[in-house]
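Each remark here refers to the structure printed beneath this line.
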């Protein structure tokens, strides 16, 4: 089957991945500084913003994939893929937010987040039910999972490192890390698409409840809401870094 990509939507999916990555790094660093009910609220916000960011990035990428036929999706699997993204993001943030994080915890968090990203992707692919069913190339499947876990490990390690850095330098490091992690998340998503093997004559299943157009509406809404949250997060983070840097300069002058 001939297929290609809408490069504009590919670019949008990368932008969403960057924002999702920045939110994950921001909330991951903030969780070590709060406790009690505030910590639970921040963990929930981090899980939702990261999870729904990855989810909307995935289906934006699906919209970018042009297969030459109208696409449709199973409603139940689509919802489950969103839940999986949020839960895995929350668990990974919880693991990395402990005051003392060793190699084992970092590895566990990487497997959870990377596995969650991969699970969300392939559940989202399973929502695209077709007859005959699609299959996956084992090599590309393995590459996509390895990218997801490796990217998660790098992001979580950077998240811990940023906690020791103050001021504007931390903000720039966080932006650079989000660019790298966003690229890795997209790398996982599009390498996962390379793994898809569509049998000749395969067509969308008749019992799929969501058309591509119908799914596009909630994806756009989620993307807009998530992007607003992410931009507010970026603004709050950068402002906090600049205020902290100013305070540190004042303390140095007093000394």
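The values are calculated or read from the model by the stated rules, or taken from the named source; none is laboratory data. Remember, predicted model here, so these are calculated numbers, not experimental data. In this analysis, Cβ positions are derived from the backbone assuming ideal geometry, glycine residues included, and neighbour counts consider all displayed protein chains.
Does residue 32 fit the bill of being out of contact with any helix residue (DSSP H, G or I) (no Cβ under 6 Å at 6 or more places or on another chain), assigned to a helix (DSSP H, G or I), at negative phi and modelled with pLDDT of 80 or more? Judged against the criteria, residue 32 is not a match.
Conditions tested, residue by residue: (1) assigned to a helix (DSSP H, G or I); (2) farther than 27 Å from residue 197 by Cα; (3) modelled with pLDDT of 85 or more.
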{"residue": "68", "(1), (2), (3)": "no, no, no"}
{"residue": "86", "(1), (2), (3)": "yes, yes, yes"}
{"residue": "92", "(1), (2), (3)": "yes, yes, no"}
{"residue": "100", "(1), (2), (3)": "no, yes, no"}
{"residue": "108", "(1), (2), (3)": "yes, yes, no"}
{"residue": "114", "(1), (2), (3)": "yes, no, no"}
{"residue": "120", "(1), (2), (3)": "yes, no, no"}
{"residue": "124", "(1), (2), (3)": "yes, no, no"}
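Quick check: anything in segment 173-190 touching a strand residue (DSSP E or B) at 6+ places or on another chain (Cβ under 9 Å), closer than 16 Å to residue 61 by Cβ and surrounded by 13 or more Cβ atoms within 10 Å (Cβ to Cβ)? Yes; the residues of segment 173-190 include at least one that is touching a strand residue (DSSP E or B) at 6+ places or on another chain (Cβ under 9 Å), closer than 16 Å to residue 61 by Cβ and surrounded by 13 or more Cβ atoms within 10 Å (Cβ to Cβ). Suppose the filter is at pLDDT 80 or above and surrounded by 22 or more Cβ atoms within 10 Å (Cβ to Cβ); does residue 54 pass it? Yes.
Taking residue 12 as the residue in question, decide whether it is in a helix (DSSP H, G or I) and in contact (Cβ under 8 Å) with a residue 40 or more places away in the chain.
Numbers: in a helix (DSSP H, G or I): yes; in contact (Cβ under 8 Å) with a residue 40 or more places away in the chain: yes.
So residue 12 fits the description; yes.
Inside segment 142-175, can you point out the residues that are over 25 Å from residue 104 (Cα atoms) and modelled with pLDDT of 80 or more? Within segment 142-175, 175 is the sole residue that qualifies. For the structure I just gave you, tell me whether residue 73 is in contact with a strand residue (DSSP E or B) (Cβ under 8 Å, 6 or more places away or on another chain) and either buried (at least 24 other Cβ atoms within 10 Å of the Cβ) or under 23 Å from residue 162 (Cβ atoms) (or both). The answer is yes for residue 73. All conditions in (1) crowded, with 19+ Cβ neighbours inside 10 Å; (2) within 30 Å of residue 202 (Cβ to Cβ); (3) out of contact with any strand residue (DSSP E or B) (no Cβ under 9 Å at 6 or more places or on another chain) hold for residue 46, with the sole exception of (2).
Look at (1) closer than 30 Å to residue 199 by Cα; (2) free of Cβ contacts under 8 Å to residues at least 60 places away in the same chain and you find that residue 35 fails only one, number (1). Residues of segment 126-146 that are surrounded by fewer than 21 Cβ atoms within 10 Å (Cβ to Cβ) and not in a helix (DSSP H, G or I): 129, 130, 131, 132, 133, 134, 135, 136, 137.
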